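Working notes for the structure below.
The values are calculated or read from the model by the stated rules, or taken from the named source; none is laboratory data. This is a predicted model, so every value here is computed, not measured. As a convention, Cβ positions derive from the backbone with ideal geometry for all residues, glycine included, and neighbour counts pool all protein chains shown. SASA here: full protein model, heavy atoms, side chains in, ligands and nucleic acids out. Shrake-Rupley method; radii C 1.70, N 1.55, O 1.52, S 1.80 Å.
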Amino acid sequence: MQLGVIGLGRMGQIVVNRVLDAGHDVVAFDLSAEAVATAADAGAEPAESVEDLVERLGDGKRIWLMVPAGDAVDATLDELNPLVGEKDVVVDGGNSHFEESTRRAESVDAAYLDCGTSGGPAGAELGFSLMVGGPQWAYDEMTPVFDAVATGPNGHDRMGPAGSGHYVKMVHNGVEYALMQTYGEGFELLAEGRYDLDLEAVARTWNNGAVIRSWLLELCEEAFREEGTDLGDVADHVAGGSTGTWTVQEALEQEVPVPLIYQALSERFGSRAPESGRFSRRLANRLRYGFGRHEVAREE
Ligand SMILES: NC(=O)C1=CN([C@@H]2O[C@H](COP(=O)(O)OP(=O)(O)OC[C@H]3O[C@@H](n4cnc5c(N)ncnc54)[C@H](O)[C@@H]3O)[C@@H](O)[C@H]2O)C=CC1
Ligand SMILES: O=C(CO)[C@H](O)[C@H](O)COP(=O)(O)O
């Protein structure tokens with residue numbers, strides 16, 4: 001198969017590499033010439049613009065967007081839409097709001113798949129978990145690509161119609177916030193509590209057979225190993241927040257109680273008040289680097 005990939009940052013380059021490794025062809029475009037050159041070094045055919053990328057694809061065009069959510073998706077679709085038709089498939093693998101994806105699916109002439117992507121830069125080796133919404137035929141058509149980008153055939157599935165993929169990913173991120181918060185609180189109690197503990201050793205012990213072992217806990221272990229048991233100069237400012245906000249907004253609309261996710265989101269906003277100093281917030285700040293390579297705020 002031949003795939004066009006637009007957006008070649010932390011996540012898009014992984015899509016390119018995994019699709020190439022699976023034996024498919026890739027045409028790659030990004031606003032950054034450096035990012036295009038990196039993809040070309042990996043074996044992709046470089047494109048100079050969205051139009052150039054489309055021209056290099058044969059009939060039945062398959063295109064994967066991995067640009068930042070929001071305006072960049074709409075700007076790309078504005079350029080793509082006159083160039084694609086009903087036999088073509090466009091996948092948005094970013095963290096778009098599910099209602100935006102539903103709107104886009106109706107306005108784009110190609111079949112549109114909203115694809116929640118989880119796994120972060122670690123997915124380079126492991127593959128991602130992909131939650132896909134949109135027409136069944138387009139999902140089936142893209143299965144060889146999803147097999148390559150995901151951990152394998154069990155690492156992706158069609159969640160339902162347009163919007164459902166990004167809806168599931170939104171809720172996934174709400175859960176992610178709450179898990180980060182609860183690990184943060186536990187380690188804060190251990191850090192402030194009555195024993196002088198090596199938190200890397202605690203996390204390592206928990207990760208080996210404990211009920212609460214997980215990838216986020218492995219990232220806690222990594223954070224203590226790399227930053228020290230007191231987290232060194234990692235600041236208590238936690239960035240991000242949009243996907244968690246959407247989860248809470250949707251829960252309010254559906255009248256479903258999500259107190260833990262709401263609390264975790266509130267903690268994140270609370271972390272932006274000057275000098276709160278909370279250990280749990282410092283760990284959450286460092287964990288976002290662990291799973292997403294988001295910049296770590298450090299004390300000056
Ligand atoms: N980093 C992570 O852990 C995860 C990120 N995501 C989502 O994946 C998407 C991409 O994320 P990252 O790769 O981390 O971002 P990134 O900032 O590393 O890369 C984005 C790339 O898109 C390019 N770009 C921006 N506007 C463009 C346009 N109009 N046309 C062509 N290229 C354009 C930029 O030059 C950049 O190379 C976002 O929606 C993000 O929320 C989803 C899951 C995990
Ligand atoms: O989707 C992700 C992980 O699953 C991304 O890393 C996302 O950026 C995390 O959300 P936030 O920026 O709100 O922390």
Query raised in the report: Out of the DSSP beta bridges found with both residues in the chain, what percent are antiparallel (nearest 5)?
Result: 20
**Report entry** 5 angstrom amide H check on Val27, placed H, neighbours 5+ away
**Finding:** Leu3, Gly4, Val5, Glu45
Query raised in the report: Say we join alpha carbon atoms closer than 10 Å with springs in a Gaussian network model of the chain; which of Ser271, Ser32, Ser129 then has the biggest fluctuation?
Result: Ser32
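Suppose all protein chains stay in the model; what accessible area per residue would a 1.4 Å probe give for the chain, in Å²?
That works out to 47 Å² per residue.
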Report task. Mind listing the long-range amide H neighbours of Arg298? Cut-off is under 5 Å, sequence gap 5 or more, other chains count too, H placed in the peptide plane at 1.01 Å from N. Result -> Ala235
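Rounded to the nearest 20 debye, what is the charge dipole size of the range 135-232 about its Cα centre when +1 sits on each Lys and Arg Cβ and -1 on each Asp and Glu Cβ? Mind showing how you got there, number by number?
Working: 6 positive and 17 negative charges, 85 e Å.
The calculation lands at about 400 debye.
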Report summary line: For the chain, longest principal axis from Cα atoms; helix 12-21 axis from its Cα atoms; angle between them, nearest 10 degrees, is 60
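Kirkwood Rh and Cα-based Rg: tell me the resulting Rg over Rh for the chain, rounded to two decimals. Spell out each step's value before the answer.
On the way: Rg = 20.4 Å, Rh = 20.3 Å.
Here the Rg-to-Rh quotient is 1.01.
About its Cα centre, what dipole magnitude does the range 2-162 give when the only charges are +1 on Lys and Arg Cβ and -1 on Asp and Glu Cβ, stated in debye to the nearest 20?
Values: 9 positive and 28 negative charges, 98 e Å.
That gives the range 2-162 a dipole magnitude of about 480 debye.
Just for the range 2-162, what percent of DSSP beta bridges are antiparallel, to the closest 5? Before the final figure, lay out each step's value.
Details: 5 of 28 bridges.
Expressed as a percentage, antiparallel bridges in the range 2-162 total about 20.
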Query raised in the report: Mind listing P(r) for the range 169-292? All alpha-carbon pairs, 10 Å bins, whole percents.
Result: 13, 45, 32, 9, 1
Requested in this report: Pop out the carbon and sulfur fraction of the accessible area of the range 2-162 as a percent, whole number, probe 1.4 Å.
Outcome: 47
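Let me check against my output: what whole-number percent is the relative contact order of the chain, with C-alpha pairs under 8 Å and at least 6 apart? Please list the in-between numbers first.
Working: 556 pairs, mean separation 40.7, N = 300.
It comes to 14 percent, rounded to a whole number.
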Query raised in the report: Across bins of 10 angstrom width beginning at 0, how are the C-alpha pair distances of the range 257-300 distributed, in whole percent?
Result: 25, 53, 20, 2
Query raised in the report: If one computes the Cα centroid of the range 181-207 and of the range 1-29, what distance in Å separates the two points?
Result: 40
Query raised in the report: Taking the Cβ-Cβ separation of Gln2 and Asp140 as r and a Förster radius of 22 Å, what is the calculated FRET efficiency to the nearest 0.05?
Result: 0.80
Report summary line: Non-local residues with an amide H under 5 Å from the amide H of Val91, with H modelled 1.01 Å from N and Pro and chain starts lacking one, are Ile63, Trp64, Leu65, Leu113
Report summary line: Expressed in angstrom and rounded, the centroid-to-centroid distance over alpha carbons for the range 38-86 and the range 124-176 is 20
Report task. Enumerate the calculated ³J(HN,Hα) couplings along the range 285-300 in order (Karplus 6.51 cos²θ - 1.76 cosθ + 1.60, θ = phi - 60°), each rounded to whole Hz, writing x wherever the residue is Gly or Pro. Result -> 4, 5, 5, 4, 5, x, 9, x, 6, 6, 4, 7, 6, 10, 5, 8
Query raised in the report: Build a GNM of the chain with springs between Cα atoms under 10 Å: which of Asp59, Asp196, Asp41 gets the top mean-square fluctuation?
Result: Asp196
Report summary line: Tilt, helix 98-107 to longest principal axis of the chain (alpha-carbon atoms), in degrees rounded to tens, equals 10
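Once you compute Rg and the Kirkwood Rh from C-alpha atoms, what is the Rg to Rh ratio for the range 2-162?
On the way: Rg = 13.9 Å, Rh = 15.1 Å.
Ratio of gyration radius to Kirkwood radius: 0.92.
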Report task. Would you mind getting the Kirkwood hydrodynamic radius of the range 114-219 from its Cα pairs, rounded to one decimal in Å? Result -> 15.8
